[in-house]
1. What number comes out for the charge environment of K119, summing +1 per Lys or Arg and -1 per Asp or Glu over other residues with Cβ under 9 Å away?
2. Give me the extension gain from D492 to E625: residue separation times 0.36 nm, minus the current Cα-Cα distance, reported in nm with one decimal.
3. How many nm separate the modelled label positions at E557 and D611, each set 7 Å beyond the Cα in the direction of the Cβ?
4. List every residue whose amide H lies under 5 Å from the amide H of F587, counting only residues 5 or more places away in sequence or on a different chain, with H placed 1.01 Å from N in the peptide plane.
5. Using only the Cα atoms, what convex hull volume per residue in Å³ does the range 111-232 have?
6. Using the scaling law 2.2 N^0.38 Å as the reference, what is the normalised Cα Rg of the chain?
7. Quick one: go through the range 445-484 and flag any residue whose amide nitrogen is under 18 Å from the point 7 Å out along the Cα-to-Cβ line of D436.
8. Name the GluC sites (Glu not before Pro) in the range 314-382 that are in a loop by DSSP and that have at most 15 other C-beta atoms within 10 Å, would you?
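The values are calculated or read from the model by the stated rules, or taken from the named source; none is laboratory data. Only a predicted model underlies this, so the values are computations on that prediction, with no experimental measurement involved. Here the Cβ positions follow ideal geometry from the backbone for every residue, glycine too, while neighbour counts run over all protein chains shown. Note: accessible area is taken over every heavy atom of the protein model, side chains too, but ligands, DNA and RNA are not part of it. Shrake-Rupley method; radii C 1.70, N 1.55, O 1.52, S 1.80 Å.
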Amino acid sequence: MSNYHIKNLEEYFQVYRKSVRNPENFWEEIAEEHFLWRKRWDNVLSWNFSKPEVKWFEGAKLNITENCIDRHLTTRGDKTAILFEPNNPDEEAQAISYKELHKRVNKFANVLKSKGIKKGDRVCIYLPMIPELAISLLACARIGAIHSVVFAGFSSTALATRINDSECKMVITSDGSFRGSKTIDLKSIVDEALVDCPTISDVLVVKRINSEVLMKEGRDVWIEPLLAAASDECNAEVMDAEDPLFILYTSGSTGKPKGMLHTTAGYMVYTAYTFKNVFQYKENDVYWCTADIGWITGHSYIVYGPLANGATTVMFEGVPSYPDYGRFWQIVEKHKINQFYTAPTAIRALAKEGLAHVEPHNLSSLKILGTVGEPINEEAWHWYDDNIGKRKSPIVDTWWQTETGGIMITPIPFSTPTKPTYATLPFPGIQPVLMDTEGEVVKGNQVEGKLCIQFPWPSMARTIWGNHERYKDTYFSAFENKYFTGDGALRDEVGYYRITGRVDDVIIVSGHNLGTAPIEDAINEHPAVAESAIVGFPHDIKGNALYGYVILKDTGESRNHDNLRKEINQIITEQVGPIAKLDKIQFTQGLPKTRSGKIMRRILRKIASKDISNLGDTSTLLNPEVVQGIIDEAM
Ligand code: WT7
């Protein structure tokens, strides 16, 4: 029996049991049989969650791009690796074969080298969803540079914070991006960011929208002529298993964004193995994940996981609503997509537009549907199942995180019976546990608790860039010897998991992970604002929307509240990005605080969702009297 490709439920249970009984042996077999190593490992795993320190395949040498590209050249050189579908449906799609990808990555890597980028240097990538985005990730990996992709919807301030935190030497960007009927001036966002980024010496600019941009002498260069002149041969840097591959920032409940550091071998093995099984990828399938490569979903399941399996992976530049709400289904039909992976928020938004956008399209190529990023509600699940999958394509509700690197809890299609709103069972190698408030493991089924993982898996983030203490505090301090996910979950009578949502101050809006702190910091920069607190409240399409409670400074003069609301959202857009804008802003006199000065968001959340019948224990509040005032203003 092959452990690599699970084909039925019985096999899943066998493989799972093996992965728990003898994890090292289990992962060693997978690593051995399915990847290209320059040198074998000396030790499969060493770990210590109290330090914390985790090492997989120590001593091994490899380059991930040889696994994602070179080794496919003889067997599938002419096969399409990346299928690029542009924003504008009238622009031709581009099929990039493995051979062509090899050349383009090598050329790009040579350009990076010519600019002095070396192994271990950090390169910030701020690009739209065009082929150069995937290629630049791979080019960094080819030479051992650490990529740090920043989602191109983030503002210049957010970009600068991330560049500075990891001291990037270079930014790769484009003149602009197409988004539906709009164009966005990416280069000027970069220019604004770089005013405060002393470590950046070079900016490579890809031409995409042909707009006039300012090119700073000695810093900025167009990449096209450099690529044209570069050699298409570039030896892959031989990397250690635990050498860093990339940094990707994610929001924390407090403080600045956390640069999660992923390393080479374990990440490769785990993303490849999960991709193969969760999407049951077969040689001629065309796979499409609609995420942006600016998020972990795109890193793991547009670029590395699919390419490591020699798959054809689609990259879509545009948005689901352009030129109309049928765009996704038009693309599914056009490219005969077999596996389609998206977010619940997209499903809800498309469902709202009605079946008239779905019905004209032939979706019969679809075999497997996936969702990721937030809990999927029952209604959206059924809409997806009925109208897109026509009740014949299993839905894989995949739970995971930036920190986990790969999918952790998920059905295996055609093996695990699905259940709406349940991510179902742990993937082989993953050992979830639920914890109660006393810090004890909750045993048995039909129980609820905080979701932790009690054993390492190959693709877990190894640290937070530059702040190992924070890594320890955030993930390994809540419960001894366990990785704490920040999510709550329940386990049903057969052992299926359902993720119920965050139990900390992270809010998931349209599948984007937003920390309260940076948004509150932005609001507080408004000169009229004294203090603020934001919470999530239920929203039909976004899952959660943001609700801000704002205390104004007492200046004696009265200000127009609607104007203030606009100004506050403007600052948030500038500092964090448009995704973090508040749907509701309530001006208030006070915020409920504990004696230690912590805002009691539990109460604010209840008021925001108009659920005030039971506010829970307010006895620990320093100022219980403010609560009634906030309720009165809100209702
Ligand atoms: C948080 C991680 C993993 C890539 C996208 C998000 C929530 C993610 C699910 C799911 C319920 C989910 C969790 C998690 N989440 N997938 N299938 N069901 N919740 O990555 O930005 O790091 O966010 O997203 O709350 O902790 P991320």
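1. -2
2. 43.8 nm
3. 4.2 nm
4. So F587 has HN proximity to V550.
5. 99 Å³
6. Here the answer is 0.95, to two decimals.
7. Residues 445-452, 479-480 qualify, since their backbone N sits under 18 Å from the label point.
8. Answer in residue order: E353.
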